[in-house]
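Asker: Just passing along the structure, written as structure tokens.
The values are calculated or read from the model by the stated rules, or taken from the named source; none is laboratory data. Quick caveat, the model's predicted, so the values are computed rather than measured. Ideal geometry is used to build each Cβ from the backbone, glycine not excepted, and the neighbour counts take in all protein chains shown. Side chains are part of the model used for accessible areas, which takes the heavy atoms of the whole protein and leaves out ligands, DNA and RNA. Shrake-Rupley method; radii C 1.70, N 1.55, O 1.52, S 1.80 Å.
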Amino acid sequence: MRVYVPLTLPGLAEAYKTGELGAEPLVAYAVTPALREWYLSDDIEELEYAALNRAALASLRLLAADDGAVRRRIVVAVDVPDGAAVADPDRGLDPAVLGEVRIAGGVALAKAAAVHVDSDDAEADVAAAAEALAAADGGDDDAQFVVDGAEDHELLWYATQEIPNLVGPAD
């Protein structure tokens, strides 16, 4: 099963250093039954793209909580065994957690299939979106427009071998 793990650049650097993606339980996004129902699509590529976008929004939330992180959304695509990623059945249709899954065991960065990262050109819009996120969550339509502006930027695809270049020199 393919899952999408939201990170920040410092989070990716830490994963590169330790070889593990985040703390347990690891929160990720995947094509869940609720996501399928929400998007009303049978096209697996469209559903995977929707899960990737949900993870990108979660990465934006991580950025909003970390003032020091470079304003680029990071999503790591990882293949985990079927059944390793579990959605909360009681919250499945809650739009705030649509597609969210939890992985109980640790996930090795070596299992990553790819890394998706904002381009340098997206940084200003992503910074503005991170700043506007709380107001957007509160129902401010203007702030939501700013958050949606970050979503207009497509994440770039990187091979896992390129992670060292993304995180910079080791400490």
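Asker: Within region 153-160, identify whether any single residue is in contact with a Leu (Cβ under 7 Å, 6 or more places away or on another chain), open to solvent by less than 30 Å² (accessible area, probe 1.4 Å) and not in a loop (DSSP other than H, G, I, E, B), and answer yes or no.
Answerer: no
Asker: Quick one: which of A56, A129 is in contact with a His (Cβ under 8 Å, 6 or more places away or on another chain), open to solvent by less than 20 Å² (accessible area, probe 1.4 Å) and in a helix (DSSP H, G or I)?
Answerer: Working: A129 fails: in contact with a His (Cβ under 8 Å, 6 or more places away or on another chain).
Result: A56 is the single residue among A56, A129 that is in contact with a His (Cβ under 8 Å, 6 or more places away or on another chain), open to solvent by less than 20 Å² (accessible area, probe 1.4 Å) and in a helix (DSSP H, G or I).
Asker: Test R102 against the criterion of being in contact with a Pro (Cβ under 8 Å, 6 or more places away or on another chain) and either assigned to a loop (DSSP other than H, G, I, E, B) or surrounded by fewer than 18 Cβ atoms within 10 Å (Cβ to Cβ) (or both), and give yes or no. It would help to see each step written out before you state the result.
Answerer: Details: in contact with a Pro (Cβ under 8 Å, 6 or more places away or on another chain): yes; either assigned to a loop (DSSP other than H, G, I, E, B) or surrounded by fewer than 18 Cβ atoms within 10 Å (Cβ to Cβ) (or both): yes.
Here the answer is yes, as R102 does meet what is asked.
Asker: Here is a follow-up. Which residue, of A96, A113, is within 16 Å of the chain's Cα centre (by Cα), among the small types (G, A, S) and not in a strand (DSSP E or B)?
Answerer: Details: A113 fails: not in a strand (DSSP E or B).
After ruling out the rest, the residue left standing is A96.
Asker: Please count how many residues of region 1-31 are modelled with pLDDT of 90 or more and either under 18 Å from P81 (Cβ atoms) or not in a helix (DSSP H, G or I) (or both). Spell out the reasoning first.
Answerer: From region 1-31, those modelled with pLDDT of 90 or more are 1-21, 26-31; that's our starting set.
Subset that is either under 18 Å from P81 (Cβ atoms) or not in a helix (DSSP H, G or I) (or both): 1-8, 19-21, 26-31.
Number satisfying all stated conditions: 17.
Asker: Counting just the residues of region 17-34 that are crowded, with 16+ Cβ neighbours inside 10 Å and touching a helix residue (DSSP H, G or I) at 6+ places or on another chain (Cβ under 6 Å), which one comes out nearest to N165 (Cα to Cα)?
Answerer: Going through the qualifying residues, I end up with L21.
Asker: Given V78, V146, V107, which one is open to solvent by less than 70 Å² (accessible area, probe 1.4 Å) and within 24 Å of E37 (Cα to Cα)?
Answerer: Working: V146 fails: within 24 Å of E37 (Cα to Cα); V107 fails: within 24 Å of E37 (Cα to Cα).
Step by step, each of V78, V146, V107 is checked, and only V78 is open to solvent by less than 70 Å² (accessible area, probe 1.4 Å) and within 24 Å of E37 (Cα to Cα).
Asker: May I ask you to verify whether P95 is open to solvent by 10 Å² or more (accessible area, probe 1.4 Å), touching a Leu at 6+ places or on another chain (Cβ under 9 Å) and under 22 Å from D152 (Cα atoms)?
Answerer: On the way: open to solvent by 10 Å² or more (accessible area, probe 1.4 Å): yes; touching a Leu at 6+ places or on another chain (Cβ under 9 Å): no; under 22 Å from D152 (Cα atoms): yes.
Answer is no for this residue.
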